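Below: one structure, written as structure tokens.
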Amino acid sequence: MQWITENYTLDENPGLGAEGLYYYYHTMAKALAIADVDFLKTKEGKIVDWRADLAQKLLNLQKGDGSWANSAGRWMESDTTLTTAYMLMALSRVHATL
């Protein structure tokens with residue numbers, strides 16, 4: 001919890017930029033949902049609704065055909081099948097408590 005509150009961002013995978021970004025979204029959503037966390041307080045003191053933030057970010061990144069893909073292809077994230085699966089799992093964590 002300390003790490004995510006100190007490093008919370010949806011603009012990059014902290015420390016890796018675009019590499020592994022979609023896996024980061026998936027694992028962040030999974031961890032926070034399992035921990036039953038609804039809001040985070042960032043190191044700046046801002047309270048964020050991570051579910052709403054993540055849902056909006058993913059909608060903005062979704063391609064016209066409904067898929068997602070990372071322009072940084074490391075760890076196969078340029079593969080739309082893999083990356084879309086990550087995002088559907090992330091969205092299921094967002095939706096599960098709405």
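Screening region 1-46 for residues that are within 25 Å of Asn70 (Cβ to Cβ) and among the aromatic types (Phe, Trp, Tyr) and picking the one that is farthest from the chain's Cα centre (by Cα) gives Trp3.
Mind checking whether some residue in region 61-77 is under 22 Å from Met1 (Cα atoms), modelled with pLDDT under 95 and either hydrophobic (A, V, I, L, M, F, W, C) or not in a helix (DSSP H, G or I) (or both)? No, there is no match, as no residue in region 61-77 is under 22 Å from Met1 (Cα atoms), modelled with pLDDT under 95 and either hydrophobic (A, V, I, L, M, F, W, C) or not in a helix (DSSP H, G or I) (or both). In summary, Met76 fulfils each of the numbered conditions (1) on the phi > 0 side of the Ramachandran plot; (2) surrounded by 13 or more Cβ atoms within 10 Å (Cβ to Cβ) with the single exception of condition (2). Of the residues in region 51-70, at least one is surrounded by fewer than 16 Cβ atoms within 10 Å (Cβ to Cβ), closer than 20 Å to His95 by Cβ, of a type in the set (Ser, Thr, Tyr) and touching a residue at least 12 places away in the same chain (Cβ under 8 Å).
Can you give me the number of residues within region 71-91 that are touching a strand residue (DSSP E or B) at 6+ places or on another chain (Cβ under 8 Å) and without any contact (Cβ under 8 Å) to a residue 24 or more places away in the chain?
So the first thing to find is which residues in region 71-91 are touching a strand residue (DSSP E or B) at 6+ places or on another chain (Cβ under 8 Å), and the list is 72.
Checking which are without any contact (Cβ under 8 Å) to a residue 24 or more places away in the chain leaves us with none.
Adding up the residues that qualify gives 0.
Which is touching a strand residue (DSSP E or B) at 6+ places or on another chain (Cβ under 6 Å), surrounded by fewer than 16 Cβ atoms within 10 Å (Cβ to Cβ), closer than 19 Å to Arg93 by Cα and not small (Gly, Ala, Ser), of Thr9, Thr5?
Matching residue, one of Thr9, Thr5: Thr5.
Of note, Ile34 satisfies the criterion of being of a type in the set (Val, Ile, Thr) and out of contact with any strand residue (DSSP E or B) (no Cβ under 9 Å at 6 or more places or on another chain).
Can you name the residue in region 20-60 that is among the β-branched types (Val, Ile, Thr) and part of a helix (DSSP H, G or I) and, of all such residues, is modelled with the lowest pLDDT? Give the steps one after another, and end with the answer.
Going residue by residue through region 20-60, those that are among the β-branched types (Val, Ile, Thr) are 27, 34, 37, 42, 47-48.
Checking which are part of a helix (DSSP H, G or I) leaves us with 27, 34.
Details: Thr27: 97, Ile34: 94.
Among those that are among the β-branched types (Val, Ile, Thr) and part of a helix (DSSP H, G or I), it is Ile34.
Looking only at residues that are polar (S, T, N, Q) and closer than 18 Å to Ala31 by Cβ in region 78-98, which one is modelled with the lowest pLDDT? Only one residue tops the list, namely Thr97.
The values are calculated or read from the model by the stated rules, or taken from the named source; none is laboratory data. Because the structure is a prediction, the values reported are computed rather than measured. Here the Cβ is made from the backbone with ideal geometry for all residues, glycine too, and neighbour counts use every protein chain on show.
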